[in-house]
Amino acid sequence: MVGTTVLKRVDENESAAFKQVKKIGVSTTEVTKRAALGDLQNRGVVRTIAGKDAAQKDLKDTKLQNALRATKARVDTHWKKTTTTTTVGGATRTNVATGEVAPTAAAAQRKVLTRSNSVRLGTTATTGLGGGLQRHASANSHLLVGQNKVKTLTTKLVENKVQQVKIINKTTTKTETDVTVEPSLRREDSNLSRKSLTKIKAAITQSAAAAATTKPTLVKSNSAAATLNRKETVKTETTTATSSSADSKLKIVSVQSHSSKLLDDVKDIDEGDSENLVLVSDYVNDIYSYLFKLEAEQPVVPNHLEGQAEVYAKMRAVLIDWINEVHTQFHLVAETFQLAVAIIDRYLQAVKDTKRSHLQLVGVTALFIAAKYEELFPPAIADFIYITDDTYTGKQIRQMELQIFKALDCNLSRPLPIHFLRRFSKAAEAEDDHHAMSKYFLELAMIEYDMSHYKPSEIAAASLFLSLNLLKENANSSSGLNNKHWNSTLEFYSRYSPEHLRPIAKKIATVARNAPNAKLKAVYSKYQASKFQKVSTRSELYSTLMTSIISSKE
């Protein structure tokens, strides 16, 4: 750079930036465009005003001073000219000697040339014959008007840059297909790190091998050394015992795997699911064994409303039907509704002095808890206040929430019928209409007080058993429930025989036949929608086969 002249960076592609420079004699400098963002790449080099004054005082030639005053802002125009260019691999090569760049299709549409790296010569990454550096030379070469003119400070700076470009281009031996390589310092660092890691691994391996082969010995002459060796012996024995116990655990797991327990006529429904982590095929049978255990530990006893002074079965049915309607309006998942029903039954079973005026509060609070437990985005408490028509306040809902959690011992782990139904439908290789009709039977059964004491797995299995019979059998036959639709695979995974499911399926069939004429039609209306395949309007529900199932003696 020339002398000690202070340099100022300005966007030379915009003439307005030069018009905004203040008059000579003003010591302050203008803040350039986007300086706060740190974008200094798209700027040229111009002297400060004080430096410009000093240079002009040194010039004695009046003609040259007039020429400088008449000089306009530097704006690239040579890029618009068309010259012969060579395109290799989609990259355009620039004629450095003439300083002209052939425009591409994208560049022809630009109104202002962007000289993005005109200042940062030494840090530009080169790609193919020093392409980035050649662009610097072509962008600045139009300023070299001729050798006979007096060289100003600006032209000297540009010449120095062009010389630097030429020197760099001479030393550049890359081809246009070369890719920028990381600096040697990084390679050295990576090599050093590799060597160090190799040494560390070798040391660990040697120490482990030595510890495995050497046997601790007791030194008689030194009691401290003997004590140390005893401790090492204990550690070795502990490690050996731990590894042996781990191996034994692995062996036990392999022995107790589900595939080893399958009978000859039972199909492994988890075969081929090992690649899908969501299905957890290695643990799914253990998970469902745990769910079967939980539903037995948290039962709803028959006639669980006995002892209630103000709440009876019809009130429970009205409450659950209303919750189903609210659940549909809020577009909540099936688990939310079923968990709310489970919470209501367990609470009414535990708290025998529930008031009639608080029954709806129990229901809306149960739905509120279930939504927070199951939904990704549960409704706000204000929505639950609104659906009760401001009958209850937010404070009352929160207080009831505390009472419910206290009555249930903060335990919401009771499994739901939909959990078992999905597993059983997979074992049955059921179609979409089979599964949809089974869900319809599930929700109808949950409204019935006489069926609230059945386990969730029993309701799920009986609903699927009924739907398989209705949709796979001839609707005009009067054969009743056929055991062939509940094969050994379904019996194995559900743990229920057809004989056990027949009475439950018969009760569900009776409820489904009476659904169109019932007073509580929330579930019936819900399953008339096309997204549920309109299963509540299927003709099989009112066929001869359905009549024979209801009238059969089990």
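State all residues of the range 366-411 that are within 15 Å of Gln329 (Cα to Cα), open to solvent by 40 Å² or more (accessible area, probe 1.4 Å) and in contact with a helix residue (DSSP H, G or I) (Cβ under 7 Å, 6 or more places away or on another chain); if no residue qualifies, say none.
Within the range 366-411, just Pro378 meets the criteria.
Taking the conditions exactly as written (outside any helix (DSSP H, G or I), more than 30 Å from Ala461 (Cα to Cα) and of a type outside the set (S, T, N, Q)), does Asp390 satisfy them or not?
yes
With the requirement that a residue be in contact with a Ser or Thr (Cβ under 6 Å, 6 or more places away or on another chain) and of a type in the set (Phe, Trp, Tyr), what does the range 501-554 give you?
Within the range 501-554, Tyr524, Tyr527 qualify.
Determine, yes or no, whether Tyr347 is at pLDDT below 95 and more than 21 Å from Asp383 (Cβ to Cβ). I'd like the intermediate steps shown before the answer.
Numbers: at pLDDT below 95: no; more than 21 Å from Asp383 (Cβ to Cβ): yes.
It is false that Tyr347 is at pLDDT below 95 and more than 21 Å from Asp383 (Cβ to Cβ).
Considering (1) out of contact with any helix residue (DSSP H, G or I) (no Cβ under 7 Å at 6 or more places or on another chain); (2) of a type outside the set (Ser, Thr, Tyr); (3) more than 13 Å from Phe441 (Cα to Cα), say which one Glu540 fails and leave the rest.
Among (1) out of contact with any helix residue (DSSP H, G or I) (no Cβ under 7 Å at 6 or more places or on another chain); (2) of a type outside the set (Ser, Thr, Tyr); (3) more than 13 Å from Phe441 (Cα to Cα), Glu540 violates only (1).
Looking only at the range 412-437, filter to residues that are of a type in the set (A, V, I, L, M, F, W, C), assigned to a loop (DSSP other than H, G, I, E, B) and in contact (Cβ under 8 Å) with a residue 60 or more places away in the chain; which one of those is surrounded by the fewest Cβ atoms within 10 Å (Cβ to Cβ)? If you could, list the steps in order and put the result at the bottom.
As a first pass, look at the range 412-437 and keep what is of a type in the set (A, V, I, L, M, F, W, C): 412, 416, 418, 420-421, 424, 427-428, 430, 436-437.
Retained after the next criterion (residues that are assigned to a loop (DSSP other than H, G, I, E, B)): 412, 416, 430.
Next, from what is left, pick out any that are in contact (Cβ under 8 Å) with a residue 60 or more places away in the chain: 412, 416.
Working: Leu412: 17, Leu416: 24.
Filtering first and then ranking leaves Leu412.
Taking the conditions exactly as written (of a type in the set (S, T, N, Q), touching a residue at least 12 places away in the same chain (Cβ under 8 Å) and closer than 22 Å to Arg316 by Cα), does Gln403 satisfy them or not?
Yes, satisfied.
Which residues, counting only those in the range 465-481, are under 16 Å from Pro503 (Cβ atoms) and either open to solvent by 30 Å² or more (accessible area, probe 1.4 Å) or among the hydrophobic types (A, V, I, L, M, F, W, C) (or both)?
Filtering the range 465-481 down to residues under 16 Å from Pro503 (Cβ atoms) leaves 465-466, 469, 480-481.
If the condition is that a residue be under 16 Å from Pro503 (Cβ atoms) and either open to solvent by 30 Å² or more (accessible area, probe 1.4 Å) or among the hydrophobic types (A, V, I, L, M, F, W, C) (or both), then Phe465, Leu466, Leu481 are the ones that fit.
Among (1) surrounded by 19 or more Cβ atoms within 10 Å (Cβ to Cβ); (2) without any contact (Cβ under 8 Å) to a residue 40 or more places away in the chain, there is one condition Arg513 misses while meeting the rest; what is its number?
All conditions are met except number (1).
Just to check your reading of the model, which residue among Ala522, Ala462 is surrounded by 15 or more Cβ atoms within 10 Å (Cβ to Cβ) and either in contact with a Leu (Cβ under 8 Å, 6 or more places away or on another chain) or not small (Gly, Ala, Ser) (or both)?
The conditions single out Ala462.
Open to solvent by 20 Å² or more (accessible area, probe 1.4 Å) and farther than 27 Å from Val341 by Cα: does that describe Leu545?
So Leu545 fails the test.
Can you pull out the helices (runs of 4 or more DSSP H) entirely within the range 438-554 that have at least 2 residues that are within 26 Å of His331 (Cβ to Cβ) and modelled with pLDDT of 95 or more?
456-472, 498-514, 522-526
Any idea which residue in the range 526-541 is nearest to the chain's Cα centre (by Cα), counting only those that are surrounded by 14 or more Cβ atoms within 10 Å (Cβ to Cβ) and among the hydroxyl-bearing types (Ser, Thr, Tyr)?
For the range 526-541, the residue satisfying everything is Tyr527.
I need the full set of residues from the range 384-440 which are within 28 Å of the chain's Cα centre (by Cα) and acidic (Asp, Glu), in order please.
Residue satisfying the conditions is Asp432 alone.
The values are calculated or read from the model by the stated rules, or taken from the named source; none is laboratory data. The shown structure was predicted, so the numbers you read here are calculated from the model rather than taken from an experiment. Because the Cβ atoms are built from the backbone with ideal geometry, glycine has one as well, and the counts that use them run over all protein chains shown. Surface areas here come from the heavy atoms of the whole protein model, side chains and all, with no ligands, DNA or RNA. Shrake-Rupley method; radii C 1.70, N 1.55, O 1.52, S 1.80 Å.
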